[in-house]
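Structure first, commentary second.
We did not get these values from a lab; they are worked out from the coordinates using the rules stated. Quick caveat, the model's predicted, so the values are computed rather than measured. Neighbour counts run over all protein chains shown; Cβ positions are idealised from the backbone, glycine included.
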Amino acid sequence: MTVLDHVAVGVERWSDAWPCYVVELGGEWSSGGFNVGFGPAQLRYANGARIEILEPFEWEANPFLRRFLDRNGPGPHHLTFKVPDLARALDAARAAGFDPVGIDLSDPGWKEAFLHPRQALGIVVQLAEATTDWSSPAPDGFPTTRRRPPASLERATYAVADMDRALALYGDLLGGTVGDEGGAEDGSWRWVDVTWSTPLSVRLVAPGGTAGDTVDRFLDGRAGRLHHLDLSVDDPDQIPGASPAASVMGVEQPVWVVAPEDNLGTRLVLRARDGA
């Protein structure tokens, strides 16, 4: 069964991400280390969902993350889906018209391939077959203080120009279950939730047909673009940089928003945890 495993964001240094993702949002160290080109560090939240923080490392030999940061600055980089059989997943991807890249079958414990953002609606999609779960000790300097209980990371909200293409990717090819749907009262955008058996889901948001609407402006000609990460947290109004908002793309309820420029290129939408 294919599942959405985690969402990854690129930064210059892991430590840049600790104040928000660890101290304020309560992320717990899950695993991390360094490979040629990058260092992944995974943080786990209250509901079991994970964010991966990517830092460049020995990038001269493998510059993909360095190029990403130089071109875009820090921000959302990829979504990782674990598959039971990578060879079969690649056959299915090719049959659906995709050309997988970066195929690496050399490690029997971790086989991987990627769908390029040009084909995967604007974001890197990683496909991985893993035989074991990775764990490692936290690095020196990892924060031990949390300002509140860990947040729950609930979904990645992704803006797309074509809802049918997005559902074909996330539902048909990547095995998600298409669930709830809705939209803005003024018809300016509509959303569809796609879920897996893991805690993290994707909310796809597409233009509602109004010229120059919110989604069109955000996409700015792109096929797709990650808009924000949705989290529930105690005392969201106390998160540094969080501002109240009556609604945000894909969400129509009072929330607090941390703008991308205040969080290393990744917008956060926070709501008060039930009972908090």
Hull-based mean projected area of region 59-144, where the convex hull spans the alpha carbons, in square nanometres: 7.7
With no solvent and one point per C-alpha, what does the Debye sum give as log10 I(q)/I(0) for region 163-275 at q = 0.14, 0.15, 0.19 Å⁻¹? -0.63, -0.72, -1.13
Just report the Cα centroid separation between region 64-97 and region 103-144, whole Å. 9
Rounded to the nearest 5, the percent of DSSP beta bridges in region 3-130 running antiparallel is 75
Per-residue ³J(HN,Hα) for region 69-79, Karplus 6.51 cos²θ - 1.76 cosθ + 1.60, θ = phi - 60°, Hz, x for Gly and Pro: 5, 5, 7, 10, x, x, x, x, 10, 7, 10
Averaging over every viewing direction, what projected area does the convex hull of the Cα atoms of the chain cover, in nm²? 14.2
Between the modelled labels at R222 and A272 (7 Å from Cα along Cα→Cβ) the distance in nm is 3.3
On a full-extension model of 0.36 nm per residue, what is the gain between A138 and M1, subtracting their alpha-carbon distance, rounded to one decimal in nm? 46.3 nm
Charged-residue dipole, Cβ positions (Lys, Arg, Asp, Glu), the chain about Cα centre, Debye nearest 20: 140
Which FRET efficiency, nearest 0.05, do E12 and Q253 yield, Cβ-Cβ r, R0 45 Å? 0.85
Debye, to nearest 20: dipole size of region 3-130, +1 on Lys, Arg Cβ, -1 on Asp, Glu Cβ: 300
Starting at the first residue of region 130-144, write each ³J(HN,Hα) from the Karplus equation 6.51 cos²θ - 1.76 cosθ + 1.60 with θ = phi - 60°, in whole Hz, x for Gly and Pro. 10, 9, 9, 8, 8, 9, 6, x, 5, x, 4, x, 5, x, 9
For Y158, other-chain or 5+-apart residues with amide H closer than 5 Å (H placed, Pro excluded) are R203, L204, V205, H227
How high is the FRET efficiency from E58 to S197, r the C-beta distance, R0 45 Å, rounded to 0.05? 0.80
Can you tell me how much longer the chain between D186 and R94 gets when fully stretched, taken as 0.36 nm per residue apart minus their C-alpha distance, in nm with one decimal? 29.2 nm
What is the distance in Å between the Cα centres of region 5-51 and region 197-276? 19
Ellipticity estimate at 222 nm from DSSP helix runs (n ≥ 4, -39,500 (n - 2.57)) divided over the chain, nearest 500: -3000 deg cm²/dmol
